[in-house]
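J.: Handing you a structure now.
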Amino acid sequence: MDLKLLYDLQEVEAEQKDIQVQRQNSQAVLELKRIKRKFEEKKRIYLDLNSAAAQIKADLDAFPERIQQTELRLQEEQKAIYSSEITSARALAAREAQVAACQQKLAELSALHLAYMGEAQQKADQLDLIKKEMESLYREFRQKKAAALQQENVYQSRINALAEKQAALIEALCPEDLDWFRREEKSHSGRPISRMTANMVCGHCHRMVTSSLYKRVKGKNLCSCEHCGRILFIDD
Ligand SMILES: [Zn+2]
């Protein structure tokens, strides 16, 4: 079994996994995600505000007609008072009460109209502010995205170089060795092989092995570390 080749493959594949993790957790990517989340939050607020503003606008649009109708009624009541139709004092009092009610209603309507206009203006200001915040977040996103792309290119070239190395190693290995490695890596978190140092220390768990084990490994026997169970080899 070519433990040296398998060890190199193991290290290349471990580095590939590391890069993928680094890539996903890179500052630039996390920052982009943060900006995107913030943008989505603002967008949600914007849409809610926008529908509230639309409702207020619809209510506002109804005011001129409501005011006009009340004004017409007022005119009619006033006309009736000055016409010769009314003969009794009671009927006159009733008409006058109607006029007062219409005037009261008009005053209420115009106060309400003002309040609605104020609210509409407030909503428009809020919408404007959120829109500006969204625009600024978008600009920030664009800038950070350019930086993230640059970093992604660096990752990509490392990933490509490692993929080439991996392919060459797999090509050089005999299929039985590779099958063995694929089986073993599952139970040893991707690293079934350990390179032993000249001073008899396991490269994986950094503990010393016995001299008899060292001799057996040196004699090219397939042995595993007494401590971590990895297959040992000496790179000579
Ligand atoms: Zn070990």
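J.: May I ask you to list the residues in the stretch 220-236 that are of a type in the set (Gly, Ala, Ser) and assigned to a strand (DSSP E or B)?
T.: SER224
J.: Please enumerate the residues belonging to the stretch 189-202 that are surrounded by 11 or more Cβ atoms within 10 Å (Cβ to Cβ) and in contact with a strand residue (DSSP E or B) (Cβ under 9 Å, 6 or more places away or on another chain).
T.: Listed by number, the residues that qualify are PRO192, ILE193, SER194, ARG195, MET196, THR197, MET200, VAL201, CYS202.
J.: Hey, among the residues in the stretch 160-207 that are on the phi < 0 side of the Ramachandran plot and of a type in the set (Ser, Thr, Tyr), which one's farthest from the chain's Cα centre (by Cα)? So that I can check it myself, show each step before the final result.
T.: To start, the set of residues in the stretch 160-207 that are on the phi < 0 side of the Ramachandran plot comprises 160-188, 191-199, 201-205, 207.
Among the residues that remain, those that are also of a type in the set (Ser, Thr, Tyr) are: 187, 194, 197.
Working: SER187: 35, SER194: 40, THR197: 46 Å.
Per the criteria, the residue is THR197.
J.: Can you name the residue in the stretch 11-29 that is hydrophobic (A, V, I, L, M, F, W, C), more than 18 Å from SER194 (Cβ to Cβ) and modelled with pLDDT of 90 or more and, of all such residues, is surrounded by the fewest Cβ atoms within 10 Å (Cβ to Cβ)? Lay out the reasoning, then the answer.
T.: So in the stretch 11-29, the residues hydrophobic (A, V, I, L, M, F, W, C) come out as 12, 14, 19, 21, 28-29.
With the extra rule that they be more than 18 Å from SER194 (Cβ to Cβ), the set shrinks to 19, 21, 28-29.
Restricting the remaining residues to those that are modelled with pLDDT of 90 or more gives 19, 21.
Values: ILE19: 15, VAL21: 9.
Restricting to residues being hydrophobic (A, V, I, L, M, F, W, C), more than 18 Å from SER194 (Cβ to Cβ) and modelled with pLDDT of 90 or more, the top hit is VAL21.
J.: Of the conditions (1) away from the ligand (no atom under 16 Å from the Cβ); (2) under 14 Å from LYS4 (Cα atoms); (3) in a helix (DSSP H, G or I); (4) at pLDDT below 95, ALA146 satisfies every one except a single condition; which number is it?
T.: The failed condition is (2).
J.: I'd like the residue in the stretch 192-219 that is touching an Asp or Glu at 6+ places or on another chain (Cβ under 9 Å) and assigned to a helix (DSSP H, G or I) and, out of all such residues, is farthest from ASP235 (Cα to Cα).
T.: LEU213
J.: Scan (1) closer than 14 Å to GLN10 by Cα; (2) modelled with pLDDT of 95 or more; (3) within 16 Å of the ligand (Cβ to nearest atom); (4) not small (Gly, Ala, Ser) for the single condition HIS188 breaks and write down its number.
T.: HIS188 satisfies all of (1) closer than 14 Å to GLN10 by Cα; (2) modelled with pLDDT of 95 or more; (3) within 16 Å of the ligand (Cβ to nearest atom); (4) not small (Gly, Ala, Ser) except (2).
J.: Under 6 Å between Cβ atoms, at least 6 apart or on separate chains: pull out the pairs that start in the stretch 198-218 with a residue that is without any contact (Cβ under 8 Å) to a residue 40 or more places away in the chain and end on any residue that is assigned to a helix (DSSP H, G or I).
T.: MET200/TYR214
J.: Same structure again: For the stretch 199-236, which positions are among the charged types (D, E, K, R) and within 8 Å of the ligand (Cβ to nearest atom)?
T.: Within the stretch 199-236, ARG207, GLU226, ARG230 meet the criteria.
J.: Further question: Name the residue, out of GLN78, GLN55, GLN68, that is closer than 30 Å to GLU135 by Cβ and assigned by TED's automatic domain parsing to the domain that holds GLN122. Walk me through it before giving the result.
T.: Working: GLN78 fails: closer than 30 Å to GLU135 by Cβ; GLN68 fails: closer than 30 Å to GLU135 by Cβ.
When all the criteria are applied, what remains is GLN55.
J.: A further question on this structure: Just checking, does the stretch 172-185 include any residue being surrounded by 15 or more Cβ atoms within 10 Å (Cβ to Cβ) and within 16 Å of the ligand (Cβ to nearest atom)?
T.: yes
J.: If you don't mind, another one. Checking the condition touching an Asp or Glu at 6+ places or on another chain (Cβ under 9 Å), surrounded by 11 or more Cβ atoms within 10 Å (Cβ to Cβ) and within 30 Å of GLU152 (Cβ to Cβ), which residue from ILE35, ILE56 passes?
T.: One residue alone meets the criteria, ILE35.
The values are calculated or read from the model by the stated rules, or taken from the named source; none is laboratory data. This is a predicted model, so every value here is computed, not measured. Here Cβ is always computed from backbone atoms with ideal geometry, including for glycine, and neighbour counts include all displayed protein chains.
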